[in-house]
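Heads up: the structure comes next, in structure tokens.
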Amino acid sequence: IVRNMALCSNNSRLLMILVGAYLSLSSCLEPAIKGAYTIGATQDEFGHFFDINETVKLLSDEVGRLFEPAVEFEMVHTDMNSSSSSFNLLQSGEIDFVFSSADRLACHSNILSELVPIASMRHIISGKEVDHFGAVIIVRNDSSFSHIQNLTDSVISLPALYEPTTHLLWQTLEDSGVHLLRDPRQLIIRTGNPQQIVLDVLQGAADAGFIPAALLDTIVAQIPADPSSLRVLPPPSGGDGHPRWSSTQAFPGWALAAHSATVSSAMQRLVLAVLLRIDAGHPAAIAGSYSAWLPPSSLVALREAAVRFGAMRRGPGGRWACTDRRAEMYEQIVCPDGHFKLSREEVAAGCAGAA
């Protein structure tokens, strides 16, 4: 039951309108209001969690108190590949929302149709506001490499094959006629270690490196390294250069999504209304290193890239499944058209010979 609105005079008019809409739109087809909603927060590609605790507390304060008894919001950290993964917890009903990178949401929503993006976060990274992410190909400044097509017969240092940074650049390379798994001489996989990717390039162990565009300045400062010793290869067709340098087009970053089987559409709108009112000076934004929340971005392009490069595949019975991020490298390899994957024994023998 919604409390008497006279007791909520400090809430925005928008929230009052939305609560009224909830009363008029609720039906037996919508899930009932719960006493508590749980938000599952996943790690980024380097094993870090964004701090959204203050944001979750704000939802309890602003949305929860509109109901009698009050509704609570709580947050739990989830793993990517285990019984406590966000996807498994969504399916079992143990969490109602998930805060995750857009590429993971794209994969989850292709399998779980009830997963609905609500809002996208605009991060503050190295002093820049970023709501879309690109990726960069870095080379030494004294290198002869000048464009993406040069990467044929090169050595490339990169994150894991399943990471969005790799997918962005894999797609850019392939659109330029270079296939990541066929044309370079060697790939050096540095899972969760972007600093080592930069060092590989600076020290000559690799001709080029793949790095998230928004993190480049931070990584160079952490090593530390002279920024002038590195150069970013430009996108093949101009691109949008977001946030400052990018070798690829930009895709949505992190977002909050709701499981519509447990979260009604009206409750989703209430949550969105609170998030949209947060500005860069709000304590929740400062604690979470972000400046704002925005309406959700389309996940179609990310979903297509995930299918194209094997992060999402059809299994037995035609059901889609996301690639297990704990899977060994052999399982992550997707060969280009006209090629086939060698046996595990042949791959193992080749790797042993190259060691």
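Summed over segment 235-267, residues that are at pLDDT 85 or above and farther than 19 Å from Ile124 by Cβ total 11. Close contacts from segment 133-153, counting a first residue that is in the same structural domain as Ile188 (by TED's automatic domain parsing) and surrounded by fewer than 21 Cβ atoms within 10 Å (Cβ to Cβ) and a second that is among the polar types (S, T, N, Q) and in a loop (DSSP other than H, G, I, E, B), with Cβ to Cβ under 8 Å and a gap of 6+ residues or different chains, come to Phe145/Ser154; Gln149/Ser176; Asn150/Ser144. Across segment 115-132, the number of residues qualifying as on the phi < 0 side of the Ramachandran plot and either at pLDDT 90 or above or in contact with a helix residue (DSSP H, G or I) (Cβ under 6 Å, 6 or more places away or on another chain) (or both) comes to 10.
Of everything listed in (1) at pLDDT 80 or above; (2) in contact with an Asp or Glu (Cβ under 9 Å, 6 or more places away or on another chain); (3) more than 30 Å from Gln203 (Cα to Cα), the single unmet condition for Asn81 is (1).
The values are calculated or read from the model by the stated rules, or taken from the named source; none is laboratory data. What you see is a predicted model, and the numbers here were worked out from it, not measured in a lab. Using ideal geometry, Cβ is built from the backbone for each residue, glycine included, and neighbour counts are taken over all protein chains shown.
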